[in-house]
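**Student:** The structure under discussion is supplied below as structure tokens; questions concerning it will follow.
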Amino acid sequence: MLAPADRVIMISGANRGIGYGVARRLAASGFRLSLGARDLAALSAAVADLPAERTACFAYDAADLGLAEAWVAGTVARFGRIDGLVNNAGIAKPPYRLDDADESALDAMWAVNVKGPLRLVRLALPHLLACGHGRVVNVASLSGKRVKNDNVGYAMTKYAVVALTHAIRRHGWDQGLRATAVCPSFVRTDLTADVDKVTADEMIQPEDLAQLVETALNLPDNAVVAEMLVNCRLEDLF
């Protein structure tokens, strides 16, 4: 495995929450970072203190194929390679319930949570295979392992992200490509601001999840974890 300073990692949704925590963690470890977010100005401001020679920011909307293509091309133009991809961008609202006749919420979640990561992997795949040690970390959810609320649309998309992770592992195994689905429970982010089942302090903290993401990126080819299930309260699943 190359040293962090020689590896280029793309992170989606890097201007806040989990993506921001991962970006700061990897920057501190010396990785070169290509960061994507819908609000480019907010992203640039959020990471303005990171080393400019090791950080690049791009506009990225997970539902926009053109922006995904431009981001991957821009990353290669800037750094000459892609060693890892952290698919973090995702949405959970508006919720989609089993008896909802209007499927627009489901369509939006599917576009962002499933097709977004799939597209980035497909576009970055030649570079991830060429480096011989490619890593993909997909931020899924415990909702991709069990269903505990009425938002079936979100659960369906996160189950799909776990399936995508295993497909990546299968496709690129002989070329050193490894993938991990990180499946957390409640994480203290804007996405969980209205959650009252646990307090913000009881939730998983973004910086702690970032530590697990870095671990997944650094594990050797013969000891990579396919799924990381991360809980903040007692779960029957465990």
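**Student:** How many percent of the accessible area of the stretch 90-238 is carbon or sulfur, using a 1.4 Å probe?
**Tutor:** The value for the stretch 90-238 is 54 percent carbon and sulfur by accessible area.
**Student:** Still on this structure, I have one more. Taking only protein heavy atoms into account and a 1.4 Å probe, give the accessible area per residue of the stretch 136-188 in Å².
**Tutor:** Numbers: 2020 Å² over 53 residues.
Roughly 38 Å² per residue, with all protein chains present.
**Student:** Would you look at the GNM of the chain, springs on alpha carbons closer than 10 Å, and say which of A14, A155, A73 moves the most?
**Tutor:** Checking each option, the largest mean-square fluctuation is seen for A73.
**Student:** For n ≥ 4 DSSP H runs only, could you compute -39500 (n - 2.57) per run for the chain, divide by its residues and tell me the 222 nm figure to the nearest 500?
**Tutor:** Calculated mean residue ellipticity at 222 nm is -12000 deg cm²/dmol.
**Student:** Between rounded, prolate and oblate, where does the stretch 155-222 land on the alpha carbon gyration tensor, with a ≥ b ≥ c its root eigenvalues, rounded for a/c under 1.5, else prolate if a/b exceeds b/c?
**Tutor:** Details: a/c = 4.43, a/b = 1.84, b/c = 2.40.
Since a/c reaches 1.5 but b/c is at least a/b, the shape of the stretch 155-222 is classed as oblate.
**Student:** What is the Cα centroid distance between the stretch 38-75 and the stretch 154-185, reported in whole angstrom?
**Tutor:** Comparing the Cα centres of the stretch 38-75 and the stretch 154-185, I get a distance of 23 Å.
**Student:** Okay, next question. Taking square-rooted eigenvalues a ≥ b ≥ c of the alpha carbon gyration tensor, is the stretch 1-148 rounded, prolate or oblate, where a/c under 1.5 means rounded and, failing that, a/b exceeding b/c means prolate?
**Tutor:** Since a/c reaches 1.5 and a/b is larger than b/c, the shape of the stretch 1-148 is classed as prolate.
**Student:** In whole Hz, with x marking every Gly and Pro, tabulate ³J(HN,Hα) for the stretch 221-238 from phi via Karplus 6.51 cos²θ - 1.76 cosθ + 1.60, θ = phi - 60°.
**Tutor:** Once θ is set to phi - 60°, the couplings for the stretch 221-238 become 4, 9, 8, 8, 8, 6, 9, 10, 9, 10, 10, 10, 8, 4, 10, 5, 5, 8 Hz.
The values are calculated or read from the model by the stated rules, or taken from the named source; none is laboratory data. Predicted model, so just to flag it, every value in this text is computed and none were measured. Protein only, heavy atoms only, side chains kept; ligands, DNA and RNA dropped before computing areas. Shrake-Rupley method; radii C 1.70, N 1.55, O 1.52, S 1.80 Å.
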